[in-house]
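The values are calculated or read from the model by the stated rules, or taken from the named source; none is laboratory data. Owing to the predicted nature of the structure, the values given are computational and were not obtained by experimental measurement. For neighbour counting, all protein chains shown are included, and Cβ atoms are generated from backbone atoms with ideal geometry for every residue, glycine included. For accessibility, only protein heavy atoms count, side chains too; no ligands or nucleic acids. Shrake-Rupley method; radii C 1.70, N 1.55, O 1.52, S 1.80 Å.
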Amino acid sequence: MPATRTHFTDRSDAGHRLAARLAHLRGPGTVVVALPRGGVPVAAEVAAALAAPLDICVIRKLGLPHQPELGMGAIGEDGVRVLNEQVLRPARVTAEQLAAVEARERAELERRARRYRGDRPPVDLRGRTVVVVDDGVATGSTARAACLIVRARGARWVVLAVPVAPEDWTERLGDVADELVCVGTPSPFFAIGEFYADFSQTGDAEVLRRLAEAEGRPRPGTGTGSGPGTATATATATATDRELTLPAAGVRLTGRLTVPGGARGIVVFAHGSGSGRHSPRNRRVAEELNRAGLATFLFDLLTEDEEPDRRKVFDVALLGARLTDVARTLPGSPSVGPSAGPPLPLGLFGASTGAAAALWTAARLGDAVAAVVSRGGRPDLADARTLAAVTAPTLLVVGGRDHEVIELNRRAREHLRCESELAVVPHAGHLFEEPGTLDRVAELARDWFVEHPGPGPQTPEDPPTAVTQKP
């Protein structure tokens, strides 16, 4: 495999090409097991080609406390934990730091396992050939954990299959798999995503769809309802699109309210320094959310007379108090939805200093906020006590070239006790003006809000299925 930067169009293309290397495994005794989320589209193509059942093995990377994108290990179902000593030792991670990261990721692992499996038990692996599939191997921690899990569940023959991996991957993983299959092993190798033209995040909605297609029945939450995981890609009829002025902490603030027909949530945008409700960047994100069935309210936290005052631009308590007033009243307003029934689930989207205001509000409203997304934000402007009080799942999106803000977001994330992720968009600056980077922000925000619907008029998730480790 030549060392070019792009080799696969997307994960489906990678799955097709990987399946061609696995034709010898076609037969009734084979099961394909995917690592969610990115491995699922790849594995779905492999399972279809092999006419094999498709299942999942939920794994969570354990990221370094000060550099979460670098894995120091991984955890999986059935209590499996794998540590990478080559990363742990030089980083000098303490037992307490490791335990804190594991506790956070274990909670997310259990949430995803419940979400993906629903009432479906795992496929019986005893005595079968199990093909473990991911979209690539980097450090190998998650792949190792997956192989250990399927072996513990009784797999007779374990095959680890990926589209791309480093040259030394067989040396790293040959002790946990009976067979290793890869389309190519380029050198130099820095990251899996550099070998895909489209390496956008795989959302829960796509995972559920792929699993349901493999099982041959409609996926949960689809049809005429609007339950969790139904990320509608097509535009819905707009019920409301107008200017709206609301009272907030002693002033009246104007925003743009857009409500698609049958909206199943609302996201309030908190703009920061140099931005407002007319910002083309935030409007682009809002349009993506509207297409996913979410209402949006883009409003200015400061009046026109206040905007030149730089002290108020960075006054997080002032901005947060105003955002909190709006967030308390808007979801249940007749302007947003029908007067009868519960208020819509609430999400908060913050840019620049607006990100700190969004977290300030989330800390005070608690479970009333379903999710928070920050774009190029300054969450560090919210104090440590405020960050620790946030309970809403929080996504921090930063441009890969915005090095100072990346570090500020990393430090702020250390204080968060809720589910959180730091997403770095490659080649993007602070304003995400580079081609395709703002589209990536919109996709990340859409997936985060759809996957974290929070309380509201959604269909309850099915109870978790108990998993028993096989001898």
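In this label model, Glu443 and His427 are separated by 1.3 nm, measuring between points 7 Å along each Cα→Cβ vector.
Report the calculated FRET efficiency for Gln201 and Leu70 (r = Cβ-Cβ distance, R0 = 25 Å), to the nearest 0.05. Result of the calculation: an efficiency of 0.85. Of the labelled figures [x] 33.0; [y] 27.5; [z] 21.9, only one reflects mean projected area of the Cα convex hull in nm² as derived from the coordinates, namely [z].
DSSP beta bridges in segment 1-148, what fraction antiparallel, as a percent rounded to 5? Mind showing how you got there, number by number?
On the way: 9 of 17 bridges.
Percentage antiparallel, nearest 5: 55.
Using a 1.4 angstrom probe with every protein chain in place, what is the largest-first accessible-area order of His452, His16? If you can, show how the numbers build up before the last one.
Numbers: His452 15, His16 115 Å².
Putting His452, His16 in descending order of accessible area: His16, His452.
What length, rounded to one decimal in nm, is gained on full extension from Arg283 through to Phe314, with 0.36 nm per residue of separation minus their alpha-carbon distance? Please list the in-between numbers first.
Numbers: separation 31, 0.36 × 31 = 11.16 nm, distance 2.26 nm.
Between Arg283 and Phe314, full extension yields an extra 8.9 nm.
Could you tell me what percent of the accessible area of the chain is made up of carbon and sulfur, with a 1.4 Å probe and every protein chain present? Kindly include the intermediate steps, with their values, before the conclusion.
Numbers: 10010 of 19570 Å².
About 51 percent, which is the carbon plus sulfur part of the accessible surface.
Using a Förster distance of 51 angstrom, determine the FRET efficiency expected from the C-beta separation of Asp241 and Glu213, and round it to 0.05. Between Asp241 and Glu213 the formula returns 0.90. With both residues required to sit in the chain, DSSP beta bridges show an antiparallel share near 35%. Against the chain, whose longest principal axis is taken from its Cα atoms, helix 353-365 shows a tilt of about 90°.
Over segment 9-135, what is the relative contact order in whole percent, taking alpha-carbon pairs under 8 Å and six or more residues apart?
Working: 188 pairs, mean separation 39.3, N = 127.
Relative CO of segment 9-135 lands at 31 percent.
Using the alpha-carbon atoms, what tilt in degrees (0 to 90, nearest 10) does helix 95-117 show relative to the longest principal axis of the chain? Result, in degrees: 90.
Round to the nearest 0.05 the FRET efficiency obtained for Ala95 and Asp178 when R0 = 25 Å and r is the Cβ-Cβ distance.
Numbers: r = 34 Å, r/R0 = 1.35.
Once rounded, the FRET efficiency stands at 0.15.
The Cα center of segment 145-175 and the Cα center of segment 365-384 differ in position by 38 Å.
Quick one: angle between helix 316-329 and the longest Cα principal axis of the chain, in degrees between 0 and 90, rounded to 10, please. For 316-329 against the chain, the angle is about 90 degrees. Here the Karplus relation 6.51 cos²θ - 1.76 cosθ + 1.60, evaluated at θ = phi - 60°, turns the backbone of segment 187-195 into coupling constants of 9, x, 10, 10, 7, 4, x, 5, 9 Hz, with x for every Gly and Pro.
Considering only alpha-carbon pairs that sit under 8 angstrom and 6 or more positions apart, the relative contact order computed for the chain is 14 percent.
Across segment 174-183, computed HN-Hα scalar couplings (Karplus, 6.51 cos²θ - 1.76 cosθ + 1.60, θ = phi - 60°) run x, 7, 10, 10, 7, 8, 10, 10, 8, 5 Hz from first to last residue, x flagging Gly and Pro. The figure for Ser12 is an accessible area of roughly 30 square angstrom, using a 1.4 Å probe on the protein chains alone. Post the alpha-carbon centroid distance, segment 312-330 to segment 1-79, in whole angstrom. First find each Cα centre; the distance between them is then 43 Å. Rolling a 1.4 angstrom probe over the protein heavy atoms with all chains in place gives the chain an accessible area of 42 Å² per residue.
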